[in-house]
1. Quick check: from the Cα gyration tensor, does region 399-491 come out rounded (a/c under 1.5), prolate or oblate?
2. Apply the Karplus curve 6.51 cos²θ - 1.76 cosθ + 1.60, θ = phi - 60°, to the phi angles in region 669-675 and return the couplings in whole Hz, x for Gly and Pro.
3. From the backbone phi of region 254-266, what are the Karplus-calculated ³J(HN,Hα) couplings (6.51 cos²θ - 1.76 cosθ + 1.60, θ = phi - 60°) in whole Hz, Gly and Pro given as x?
4. Tell me, in nm to one decimal, what length is gained between Asp199 and Ser491 on full extension, where the rule is 0.36 nm per residue of separation less the Cα-Cα distance?
5. Order of 281-291, 744-754 by packing, highest average Cβ count within 10 Å first?
6. Among 98-106, 483-491, how do they line up by average Cβ neighbours within 10 Å per residue, starting with the highest?
7. Stokes-Einstein diffusion coefficient for region 311-438 at 25 °C in a medium of 0.890 mPa s, Rh from the Kirkwood formula over Cα pairs: what value in µm²/s?
8. How large is log10 of I(q)/I(0) for the chain at q = 0.08 Å⁻¹ when the intensity is taken from the Debye formula with one equal scatterer per alpha-carbon?
Amino acid sequence: MKVKYKALLIGSLSALVLIVLTYFIFNFTYFGYIHKQQEEEINRKFEVIDFVINNEKENLKSTLMDWAYWDDTYEFINNSNAEYIQSNLQDSTLKTLNLKMMIYLNAEGDIIYNKTLQMDQGILEDLTDLIVRLDIKDENVGLHLINDKVFMIASAYVTDSGNELQSNGNLIFVREINEGLLGYIQNVANIKIDFGAYDSSYELSEDIQITEMNHEFVEAYRAMKDINGNPSILVSIVRELSNYKAISYYFNIFMMCFLVSIGVLILFMSIILNKYILNRLFLVDTFMNTVAASKDTTLSLKMSGSDEFYKLAESINKMLMELNTAYKDMKKKDFMFRHIMEATNDGYLDFYVKKKEVYISSEWKSLVGYTQEDGNKLYHDFISKIHPDCLESLKSKYYKVINGEVEYFAVEYRVIRGSGEIMWVQQRGKIAEKDEQSKPIRVISTLANITARKNYEEEILFLSYSDKLTGLKNRAYMEKQLELLDEDEKSRYSIIMGDLNGLKTVNDSIGHVEGDKLICAVSNVIKELCGANDIVSRWGGDEFIILIMNQDNAYVADLVNKIKEAVGQISEFHFKISIALGYAEKGEYGLSSEFVMSLAEKRMYRNKLMENNSSRNATISSLLRTLHEKHSETEEHTLRIKNLSLRLGKRLGLSQDKLDEIELLSLLHDIGKIGIPEQILLKPSSLTSEEWEIMKSHTEIGYRIAKSTPELSHIAFEILSHHERYDGTGYPNGLNREEIPILARIINVIDSFDVMTHKREYKDAMNVECAFEELKRCSGSQFDPFIAEEFIRLLKENMELLETDIYIA
């Protein structure tokens, strides 16, 4: 939108806002004052109504008192003489007193005489009923509404003229507020008045309520109390507004004059603004458009006067002179730059965005092997030489430049030379030219051959992340991968940690050359067995780390078993080779790689306890040797328990970590017996109750031994619990069901079966079928029913296990 129209729009909107504000402010203040005056006038009209009605009440009361304090009236109440009636209670009397009814009551409240004048029968009955029920007080005057007619009722006690005798009854006058009285009120107050019954459609209030106020009349109402004190009579008035139309007329005349004045002012201001500002601004705009279209910086703007527009024209002329000088310098430097680039081994690229034209220095074209001429054909030739793996990345960089997100860019990518060789290119560039909408239309950049540098960097990177001996990734590379995984909370992976057993012994006895061969042989086995996405690294010395991404536990456990089996089958050395393995999984978000590594290492060291050529196995061997020397337990018994426990554990789906624990537990569950006296351990006859208590303490002794030995502390609770019974009657803690560790429940079944099927000093061996029946009989009491059933099935499905001497006597 042009400035001219903007100025006109702003002026019009300002005038409109001024008019609206003026109208509302004036209307609110002036008419608000008028409305306030009308409210006060309505209050005065109601005051007039109250005054007239109260005056009428006083008049009626005065007349009533003259009649009530009269000896003849007093005598009439007593004897109801006809002479009183004939003289005083005629229609003419009621007309003279302006009454509709006169009622005489005796002291008991009974009507003794009732005189009415031209009253409707229904109204008469209602009034009579009201008067009978009325709580009459001396000198009481009030109103009562019947069928939209208002009656003024006055009552007084009857006594003698001197007011010396006790009252013998009551006299009641009833006067109707008739058209004459209403007409009088309307003339005095200049209003229309109406009485009616008060109902739920009106707000219950004795305050004045204005229901409508417009240019012609004001309507209001108020509740008035009846003779019983209830606000049941509605007094409505309507006051005509004779001068309100004139007021509104002159207000509208004022607003029209105001609007015309504003319009004239806007027109005058528009003429002034157009002549002294907008025309001169239009001249500047036309000149700048001419310069932009012609790109001629030698033009100059001529402007008369000495105001800011004249100064602006002078500044524009100076700017154009400086631009002309700078343009000449730029052309000179551009010429020099092109020749310098052609004299070097680096090249330059000039890209015209809209035309998709490319200009490349001749030396660079020869180096890469571009065959097309400069322009659109060279653009397609340039794109075709980019390596497919780098094309999207380069396009992304260019899109950011073309869309104006960045001014400068630097990118490294590969091109395929005409000879088929791969060459690394570093391209650095910037936006050189933009269109009227500030969209880039030209991008210039330099091109450099960085192939040698890239080859050197790749070699350095490979050496920094590789183990020189095995060719596996090294610890630095693995730590980098674990850092990246820690940044992704949703990453899912497993870590296997391996420790080659006996490497120190090989190095010390045969030499480090043989030890290095051993490490390489194991490394080759691990690499062959691991998947393409598994990362294998040498963590240090004799330790290996395998990082497995997005695989389940079954895959990891199977890989662990394959590695252990394959390593054990390496035959190029004259000694047996084994490796201890432990693994852990990041199964929950937020679990750090350090924690997963620590758990895998702990499980690896537990596994290492069972390897014969492991230094950590010495503790177990020493304890077993002590147990076998002191007790009749044989190595065959221990081996049977171990093998059956491992088979049953695998059948039950235990993890490798739990299998390692049960293997260790099967060997050392009775280690506490080394603390039991030999005369009790080897006693051929039954034990006494005192001896049996001592014998049962072997579980607690074993628990303390395991707890004090770091390598065994993780199975201490299982050793303590392996004589607990499923029904809670075992010892030492009376645990039941799942309170007993599952490994202890397994050992309980297998150890009991082996004891039943083999001869001891105090008993003969039981045949296998009888042992099965005993296991079934004690299921649910001594043994876990599920474990006992699975154990029986295992043996029945593998009867060959029972045919070797290692399992039966």
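1. Numbers: a/c = 3.94, a/b = 1.67, b/c = 2.35.
Here region 399-491 falls in the oblate category.
2. Each residue's phi maps through the Karplus curve to give 5, 9, 4, x, 5, 5, x Hz.
3. Once θ is set to phi - 60°, the couplings for region 254-266 become 4, 5, 5, 4, 5, 5, 4, 4, 4, x, 4, 4, 5 Hz.
4. Numbers: separation 292, 0.36 × 292 = 105.12 nm, distance 7.78 nm.
Gain on extension, Asp199 to Ser491, equals 97.3 nm.
5. Values: 281-291: 13.9, 744-754: 23.0.
Per-residue mean Cβ counts within 10 Å order the peptides as 744-754, 281-291.
6. Values: 98-106: 20.8, 483-491: 11.7.
The densest-packed peptide leads the list: 98-106, 483-491.
7. Details: Rh = 16.8 Å.
For the chosen part, D equals 146 µm²/s.
8. Each listed q maps to, in turn, -0.91.
The values are calculated or read from the model by the stated rules, or taken from the named source; none is laboratory data. Given the structure is predicted, the values throughout are model-derived calculations rather than measurements. Note: ideal-geometry Cβ built from the backbone for every residue, glycine included; neighbour counts use all protein chains shown. Protein only, heavy atoms only, side chains kept; ligands, DNA and RNA dropped before computing areas. Shrake-Rupley method; radii C 1.70, N 1.55, O 1.52, S 1.80 Å.
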